[in-house]
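Reviewing the structure listed below.
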Amino acid sequence: GGSGGDADVADRARRVHASLVGHLRGGPGPSLASRAPGPVSRTGPAAPGGGADRGIPPDVARWLTGRRLLAPDGTGVSSPERALADLLAEQGAQLRAAFDVLERNLRAVDDVVGMLPAPRTPDHSSIEAEFFEDRDQLRRRIDEFHPLTRSEMLCMRTTFPEPEVLDRSLVTDLEVLGRGVHCRMLVSTSALRRPGAARYLEALAEAGAEVRVAASCPLYLLIVDRELTVLWAGVGTDRDRGDVALHGPLIASCFVQVFEHNWDAAAPHDPGADGRRAGTSRARDWSPREREVLALLATGAKDESIARRLGVSDRTLRRLMTRLIEKLGADSRFAAGVEAARLGLVD
(Lines give C-alpha, C1' and ligand atoms only; values in the text may rest on other atoms or scores of the structure.)
Protein backbone atom coordinates (compact mmCIF):
# COMPACT_ATOMS: atom_id res chain seq x y z
CA GLY A 1 0.00 0.00 0.00
CA GLY A 2 1.10 3.63 -0.43
CA SER A 3 3.60 5.16 -2.86
CA GLY A 4 6.41 2.98 -1.53
CA GLY A 5 4.49 -0.15 -2.52
CA ASP A 6 3.83 1.21 -6.03
CA ALA A 7 7.55 1.98 -6.47
CA ASP A 8 8.44 -1.53 -5.32
CA VAL A 9 6.01 -3.04 -7.86
CA ALA A 10 7.45 -0.92 -10.67
CA ASP A 11 11.00 -1.81 -9.66
CA ARG A 12 10.12 -5.46 -9.49
CA ALA A 13 8.57 -5.33 -12.97
CA ARG A 14 11.73 -3.73 -14.38
CA ARG A 15 13.93 -6.39 -12.79
CA VAL A 16 11.68 -9.15 -14.16
CA HIS A 17 11.83 -7.54 -17.58
CA ALA A 18 15.63 -7.29 -17.49
CA SER A 19 15.97 -10.87 -16.34
CA LEU A 20 13.61 -12.06 -19.06
CA VAL A 21 15.52 -10.20 -21.74
CA GLY A 22 18.77 -11.69 -20.48
CA HIS A 23 17.37 -15.21 -20.59
CA LEU A 24 16.06 -14.78 -24.10
CA ARG A 25 19.40 -13.38 -25.29
CA GLY A 26 21.40 -15.96 -23.41
CA GLY A 27 23.32 -13.30 -21.49
CA PRO A 28 23.85 -12.85 -17.78
CA GLY A 29 21.21 -11.31 -15.67
CA PRO A 30 19.41 -11.64 -12.38
CA SER A 31 17.97 -15.07 -11.73
CA LEU A 32 14.34 -15.20 -12.97
CA ALA A 33 13.57 -17.84 -10.44
CA SER A 34 14.45 -15.48 -7.62
CA ARG A 35 12.30 -12.63 -8.98
CA ALA A 36 9.14 -14.07 -10.51
CA PRO A 37 6.30 -15.13 -8.19
CA GLY A 38 5.24 -18.70 -7.88
CA PRO A 39 7.32 -21.85 -7.81
CA VAL A 40 9.96 -22.28 -10.48
CA SER A 41 10.98 -25.72 -11.72
CA ARG A 42 13.97 -26.07 -14.00
CA THR A 43 12.92 -29.63 -14.84
CA GLY A 44 9.26 -28.92 -15.67
CA PRO A 45 7.69 -28.73 -19.15
CA ALA A 46 9.18 -26.13 -21.42
CA ALA A 47 7.37 -22.92 -22.31
CA PRO A 48 6.37 -22.46 -25.93
CA GLY A 49 8.59 -20.73 -28.51
CA GLY A 50 11.90 -19.15 -27.68
CA GLY A 51 11.04 -19.06 -23.99
CA ALA A 52 11.00 -22.82 -23.95
CA ASP A 53 14.45 -23.03 -25.56
CA ARG A 54 15.93 -20.89 -22.81
CA GLY A 55 14.39 -22.86 -19.94
CA ILE A 56 11.59 -20.48 -18.73
CA PRO A 57 9.39 -22.53 -16.44
CA PRO A 58 5.83 -22.94 -17.73
CA ASP A 59 4.17 -21.32 -14.72
CA VAL A 60 6.46 -18.29 -15.01
CA ALA A 61 5.78 -18.06 -18.74
CA ARG A 62 2.03 -18.11 -18.06
CA TRP A 63 2.43 -15.43 -15.38
CA LEU A 64 4.42 -13.19 -17.75
CA THR A 65 2.07 -13.77 -20.69
CA GLY A 66 -0.97 -12.93 -18.58
CA ARG A 67 0.58 -9.57 -17.72
CA ARG A 68 1.56 -8.82 -21.32
CA LEU A 69 5.29 -8.89 -20.52
CA LEU A 70 5.79 -11.90 -22.80
CA ALA A 71 4.11 -12.60 -26.12
CA PRO A 72 1.86 -15.70 -26.22
CA ASP A 73 4.40 -17.53 -28.44
CA GLY A 74 7.25 -16.65 -26.04
CA THR A 75 9.30 -14.79 -28.64
CA GLY A 76 8.56 -11.16 -27.82
CA VAL A 77 9.22 -9.18 -24.67
CA SER A 78 7.36 -5.99 -23.78
CA SER A 79 8.42 -3.24 -21.47
CA PRO A 80 6.42 -2.78 -18.25
CA GLU A 81 5.00 0.49 -19.65
CA ARG A 82 3.84 -1.22 -22.84
CA ALA A 83 2.40 -4.14 -20.88
CA LEU A 84 0.48 -1.77 -18.60
CA ALA A 85 -0.90 0.14 -21.57
CA ASP A 86 -2.06 -3.11 -23.18
CA LEU A 87 -3.72 -4.24 -19.96
CA LEU A 88 -5.52 -0.93 -19.55
CA ALA A 89 -6.62 -0.93 -23.19
CA GLU A 90 -8.01 -4.46 -22.84
CA GLN A 91 -9.79 -3.54 -19.61
CA GLY A 92 -11.27 -0.44 -21.24
CA ALA A 93 -12.53 -2.53 -24.16
CA GLN A 94 -14.20 -4.94 -21.74
CA LEU A 95 -15.84 -2.07 -19.86
CA ARG A 96 -17.12 -0.51 -23.08
CA ALA A 97 -18.54 -3.86 -24.19
CA ALA A 98 -20.26 -4.30 -20.81
CA PHE A 99 -21.62 -0.75 -21.07
CA ASP A 100 -23.02 -1.47 -24.54
CA VAL A 101 -24.78 -4.58 -23.22
CA LEU A 102 -26.17 -2.64 -20.25
CA GLU A 103 -27.35 0.16 -22.53
CA ARG A 104 -29.15 -2.31 -24.80
CA ASN A 105 -30.82 -3.91 -21.79
CA LEU A 106 -31.95 -0.51 -20.49
CA ARG A 107 -33.44 0.35 -23.87
CA ALA A 108 -35.26 -2.98 -23.90
CA VAL A 109 -36.68 -2.27 -20.43
CA ASP A 110 -37.81 1.19 -21.57
CA ASP A 111 -39.51 -0.36 -24.61
CA VAL A 112 -41.39 -2.83 -22.43
CA VAL A 113 -42.43 -0.08 -20.00
CA GLY A 114 -43.63 2.01 -22.94
CA MET A 115 -45.95 -0.83 -23.98
CA LEU A 116 -47.66 -0.90 -20.58
CA PRO A 117 -50.94 1.03 -20.14
CA ALA A 118 -50.73 4.34 -18.35
CA PRO A 119 -51.09 3.91 -14.58
CA ARG A 120 -54.45 4.90 -13.19
CA THR A 121 -54.51 7.36 -10.34
CA PRO A 122 -58.17 7.57 -9.26
CA ASP A 123 -59.18 10.04 -6.60
CA HIS A 124 -59.86 7.69 -3.74
CA SER A 125 -62.04 9.08 -1.01
CA SER A 126 -62.04 7.59 2.47
CA ILE A 127 -65.35 7.46 4.30
CA GLU A 128 -65.59 7.50 8.06
CA ALA A 129 -68.51 5.41 9.31
CA GLU A 130 -70.15 5.34 12.74
CA PHE A 131 -72.49 2.50 13.69
CA PHE A 132 -75.15 2.79 16.38
CA GLU A 133 -76.66 -0.15 18.21
CA ASP A 134 -79.81 1.64 19.36
CA ARG A 135 -81.85 4.63 18.30
CA ASP A 136 -81.27 6.53 21.56
CA GLN A 137 -77.54 6.44 20.93
CA LEU A 138 -78.16 7.79 17.44
CA ARG A 139 -80.34 10.63 18.75
CA ARG A 140 -77.61 11.71 21.15
CA ARG A 141 -75.13 11.76 18.28
CA ILE A 142 -77.51 13.78 16.11
CA ASP A 143 -77.86 16.29 18.93
CA GLU A 144 -74.10 16.72 18.63
CA PHE A 145 -74.35 17.22 14.85
CA HIS A 146 -77.08 19.87 14.99
CA PRO A 147 -74.94 22.68 16.48
CA LEU A 148 -72.44 22.12 13.64
CA THR A 149 -75.06 22.43 10.90
CA ARG A 150 -74.27 25.48 8.75
CA SER A 151 -76.64 25.74 5.80
CA GLU A 152 -78.89 22.76 4.98
CA MET A 153 -80.64 19.80 6.55
CA LEU A 154 -82.54 17.22 4.47
CA CYS A 155 -84.78 14.78 6.36
CA MET A 156 -86.78 11.75 5.22
CA ARG A 157 -88.97 10.00 7.76
CA THR A 158 -90.70 6.64 7.43
CA THR A 159 -91.92 6.89 11.02
CA PHE A 160 -91.62 9.08 14.12
CA PRO A 161 -90.67 8.20 17.71
CA GLU A 162 -92.91 8.59 20.73
CA PRO A 163 -94.40 12.08 21.33
CA GLU A 164 -92.10 12.84 24.27
CA VAL A 165 -89.01 12.01 22.17
CA LEU A 166 -90.42 14.02 19.28
CA ASP A 167 -90.94 17.03 21.56
CA ARG A 168 -87.29 16.92 22.63
CA SER A 169 -86.19 16.72 19.01
CA LEU A 170 -88.39 19.68 18.15
CA VAL A 171 -86.46 21.91 20.56
CA THR A 172 -83.17 21.14 18.83
CA ASP A 173 -84.69 21.42 15.33
CA LEU A 174 -86.15 24.85 16.10
CA GLU A 175 -82.74 26.04 17.30
CA VAL A 176 -81.20 24.95 14.00
CA LEU A 177 -83.93 26.72 12.01
CA GLY A 178 -83.45 29.81 14.14
CA ARG A 179 -79.86 30.05 12.88
CA GLY A 180 -81.11 30.32 9.29
CA VAL A 181 -80.49 26.71 8.28
CA HIS A 182 -82.67 25.60 5.35
CA CYS A 183 -84.59 22.47 6.30
CA ARG A 184 -86.67 20.18 4.08
CA MET A 185 -88.68 17.38 5.70
CA LEU A 186 -90.22 14.55 3.63
CA VAL A 187 -92.58 12.19 5.51
CA SER A 188 -94.66 9.20 4.54
CA THR A 189 -98.41 9.12 5.09
CA SER A 190 -97.96 6.34 7.65
CA ALA A 191 -95.49 8.49 9.60
CA LEU A 192 -97.96 11.36 9.47
CA ARG A 193 -100.46 9.25 11.43
CA ARG A 194 -98.05 8.77 14.33
CA PRO A 195 -99.06 10.49 17.61
CA GLY A 196 -97.60 13.99 17.85
CA ALA A 197 -96.42 14.01 14.22
CA ALA A 198 -98.92 16.63 13.02
CA ARG A 199 -97.99 19.02 15.85
CA TYR A 200 -94.27 18.48 15.22
CA LEU A 201 -94.52 19.12 11.48
CA GLU A 202 -96.75 22.16 11.94
CA ALA A 203 -94.18 23.70 14.34
CA LEU A 204 -91.37 23.06 11.84
CA ALA A 205 -93.38 24.63 9.02
CA GLU A 206 -94.12 27.72 11.09
CA ALA A 207 -90.38 28.07 11.80
CA GLY A 208 -89.59 28.06 8.07
CA ALA A 209 -89.08 24.40 7.20
CA GLU A 210 -90.50 22.95 3.98
CA VAL A 211 -92.59 19.84 4.57
CA ARG A 212 -93.88 17.42 1.95
CA VAL A 213 -95.84 14.18 2.20
CA ALA A 214 -95.31 11.08 0.05
CA ALA A 215 -97.33 7.88 -0.12
CA SER A 216 -94.17 6.09 1.04
CA CYS A 217 -90.51 6.84 1.70
CA PRO A 218 -87.73 4.38 0.86
CA LEU A 219 -85.65 4.89 4.00
CA TYR A 220 -84.99 6.85 7.14
CA LEU A 221 -82.51 9.53 6.09
CA LEU A 222 -80.79 12.66 7.39
CA ILE A 223 -78.29 14.68 5.34
CA VAL A 224 -76.44 17.56 7.02
CA ASP A 225 -74.70 20.17 4.83
CA ARG A 226 -74.24 17.48 2.16
CA GLU A 227 -71.31 16.23 4.23
CA LEU A 228 -72.91 13.88 6.75
CA THR A 229 -75.42 11.12 5.95
CA VAL A 230 -77.38 9.28 8.64
CA LEU A 231 -79.59 6.35 7.65
CA TRP A 232 -81.04 3.12 8.89
CA ALA A 233 -78.88 0.31 7.52
CA GLY A 234 -80.22 -2.60 9.53
CA VAL A 235 -81.80 -5.78 8.25
CA GLY A 236 -85.24 -6.97 9.23
CA THR A 237 -87.86 -5.18 11.31
CA ASP A 238 -85.75 -4.25 14.32
CA ARG A 239 -85.55 -0.50 13.87
CA ASP A 240 -83.64 -0.01 17.10
CA ARG A 241 -80.48 -1.46 15.57
CA GLY A 242 -78.38 -0.84 12.50
CA ASP A 243 -78.19 2.96 12.15
CA VAL A 244 -75.07 4.33 10.48
CA ALA A 245 -73.55 7.80 10.04
CA LEU A 246 -71.35 8.26 6.97
CA HIS A 247 -68.96 11.20 6.74
CA GLY A 248 -67.97 12.54 3.32
CA PRO A 249 -69.42 14.65 0.48
CA LEU A 250 -69.20 11.88 -2.13
CA ILE A 251 -71.53 9.46 -0.36
CA ALA A 252 -73.76 12.36 0.70
CA SER A 253 -74.21 13.48 -2.93
CA CYS A 254 -75.53 10.00 -3.81
CA PHE A 255 -78.20 10.11 -1.11
CA VAL A 256 -79.08 13.71 -2.00
CA GLN A 257 -80.19 12.37 -5.40
CA VAL A 258 -82.38 9.79 -3.66
CA PHE A 259 -83.92 12.53 -1.54
CA GLU A 260 -84.51 14.89 -4.48
CA HIS A 261 -86.19 12.17 -6.54
CA ASN A 262 -88.68 11.41 -3.78
CA TRP A 263 -89.10 15.09 -2.90
CA ASP A 264 -90.14 15.97 -6.47
CA ALA A 265 -92.79 13.23 -6.45
CA ALA A 266 -94.28 14.33 -3.10
CA ALA A 267 -96.98 16.92 -2.39
CA PRO A 268 -96.72 19.94 -0.06
CA HIS A 269 -98.00 19.24 3.42
CA ASP A 270 -101.29 20.99 4.29
CA PRO A 271 -101.68 20.96 8.09
CA GLY A 272 -105.41 21.73 7.85
CA ALA A 273 -105.94 18.81 5.51
CA ASP A 274 -105.04 16.30 8.21
CA GLY A 275 -108.23 17.04 10.09
CA ARG A 276 -110.30 17.11 6.92
CA ARG A 277 -108.88 13.78 5.78
CA ALA A 278 -109.49 12.22 9.18
CA GLY A 279 -113.06 13.53 9.17
CA THR A 280 -113.62 12.25 5.65
CA SER A 281 -112.33 8.81 6.48
CA ARG A 282 -114.53 8.66 9.59
CA ALA A 283 -117.68 10.08 7.93
CA ARG A 284 -117.54 7.74 4.98
CA ASP A 285 -118.33 4.09 5.42
CA TRP A 286 -115.41 2.28 3.81
CA SER A 287 -116.24 -1.40 3.63
CA PRO A 288 -113.55 -4.10 3.84
CA ARG A 289 -114.03 -4.78 0.13
CA GLU A 290 -113.58 -1.10 -0.72
CA ARG A 291 -110.44 -0.93 1.37
CA GLU A 292 -109.07 -4.01 -0.37
CA VAL A 293 -109.80 -2.49 -3.77
CA LEU A 294 -108.12 0.74 -2.71
CA ALA A 295 -105.07 -1.15 -1.50
CA LEU A 296 -104.79 -3.03 -4.79
CA LEU A 297 -105.43 0.18 -6.68
CA ALA A 298 -102.57 1.93 -4.87
CA THR A 299 -100.18 -0.82 -5.96
CA GLY A 300 -101.09 -0.27 -9.62
CA ALA A 301 -102.78 -3.67 -10.05
CA LYS A 302 -104.76 -4.19 -13.26
CA ASP A 303 -108.54 -4.66 -13.33
CA GLU A 304 -108.28 -8.33 -14.25
CA SER A 305 -106.01 -9.01 -11.30
CA ILE A 306 -108.25 -7.11 -8.87
CA ALA A 307 -111.41 -8.88 -10.13
CA ARG A 308 -109.73 -12.28 -9.80
CA ARG A 309 -108.56 -11.41 -6.28
CA LEU A 310 -112.09 -10.34 -5.23
CA GLY A 311 -113.81 -13.16 -7.11
CA VAL A 312 -116.15 -10.80 -9.01
CA SER A 313 -116.88 -10.18 -12.66
CA ASP A 314 -115.26 -7.41 -14.66
CA ARG A 315 -118.60 -5.54 -14.86
CA THR A 316 -119.05 -5.65 -11.07
CA LEU A 317 -115.51 -4.42 -10.56
CA ARG A 318 -116.03 -1.51 -12.97
CA ARG A 319 -119.16 -0.39 -11.10
CA LEU A 320 -117.29 -0.63 -7.77
CA MET A 321 -114.34 1.24 -9.20
CA THR A 322 -116.56 4.05 -10.51
CA ARG A 323 -118.16 4.53 -7.08
CA LEU A 324 -114.77 4.61 -5.34
CA ILE A 325 -113.34 7.16 -7.77
CA GLU A 326 -116.37 9.42 -7.25
CA LYS A 327 -116.24 8.89 -3.51
CA LEU A 328 -112.61 10.00 -3.41
CA GLY A 329 -113.20 12.98 -5.67
CA ALA A 330 -110.57 11.73 -8.12
CA ASP A 331 -110.63 11.75 -11.91
CA SER A 332 -108.70 8.53 -12.64
CA ARG A 333 -107.80 5.17 -11.17
CA PHE A 334 -104.26 6.26 -10.40
CA ALA A 335 -105.39 9.51 -8.77
CA ALA A 336 -107.85 7.52 -6.66
CA GLY A 337 -105.05 5.27 -5.41
CA VAL A 338 -102.86 8.26 -4.56
CA GLU A 339 -105.74 10.02 -2.77
CA ALA A 340 -106.52 6.87 -0.78
CA ALA A 341 -102.91 6.77 0.38
CA ARG A 342 -103.00 10.46 1.31
CA LEU A 343 -106.17 9.90 3.34
CA GLY A 344 -104.46 7.11 5.23
CA LEU A 345 -106.85 4.45 3.95
CA VAL A 346 -103.88 2.44 2.67
CA ASP A 347 -100.17 2.46 3.53
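Exactly one residue out of VAL187, VAL176, VAL165, VAL211 is closer than 26 Å to PRO249 by Cα, in a helix (DSSP H, G or I) and open to solvent by less than 50 Å² (accessible area, probe 1.4 Å): that is VAL176.
Within segment 244-268, residues that are in contact (Cβ under 8 Å) with a residue 12 or more places away in the chain and farther than 28 Å from GLU339 by Cβ have Cβ atoms under 7 Å from residues that are open to solvent by 50 Å² or more (accessible area, probe 1.4 Å) and in a helix (DSSP H, G or I) in these pairs: ALA245/ARG141, counting only partners at least 6 apart in sequence or on another chain. Which residue pairs have Cβ atoms under 6 Å apart, sit 6 or more places apart or on different chains, and have a first residue in segment 165-190 that is under 23 Å from CYS217 (Cα atoms) and a second that is of a type in the set (Gly, Ala, Ser) and part of a helix (DSSP H, G or I)? Hits for this filter: LEU170/ALA203; THR189/ALA341.
Of all residues in segment 306-345, those being of a type outside the set (Val, Ile, Thr), more than 23 Å from VAL187 (Cβ to Cβ) and open to solvent by less than 30 Å² (accessible area, probe 1.4 Å) number 6. Within the set ARG82, ARG139, the sole residue that is among the basic types (Lys, Arg), buried (at least 16 other Cβ atoms within 10 Å of the Cβ) and at pLDDT below 85 turns out to be ARG139. Candidates are the residues of segment 142-159 that are of a type in the set (A, V, I, L, M, F, W, C) and closer than 18 Å to TYR200 by Cβ; the one that is surrounded by the most Cβ atoms within 10 Å (Cβ to Cβ) is MET156. Scanning segment 92-116 for residues that are assigned to a helix (DSSP H, G or I) and open to solvent by 90 Å² or more (accessible area, probe 1.4 Å) yields GLN94, LEU95, ARG96, PHE99, LEU102, ARG104, LEU106, ARG107, ASP110, ASP111, MET115. Of the residues examined, PRO271 is one that is in contact with an Asp or Glu (Cβ under 8 Å, 6 or more places away or on another chain), open to solvent by 50 Å² or more (accessible area, probe 1.4 Å) and at pLDDT below 90.
Of all the numbered requirements in (1) modelled with pLDDT under 70; (2) open to solvent by 40 Å² or more (accessible area, probe 1.4 Å), GLY27 misses one, and that requirement is (2).
The values are calculated or read from the model by the stated rules, or taken from the named source; none is laboratory data. Computed from a predicted model, the values in this text were never measured in an experiment. Every residue, glycine among them, receives a Cβ derived from its backbone with ideal geometry; neighbour counts consider all protein chains shown. When the accessible area is computed, the model is the full protein with side chains, heavy atoms only, and any ligands, DNA or RNA have been set aside. Shrake-Rupley method; radii C 1.70, N 1.55, O 1.52, S 1.80 Å.
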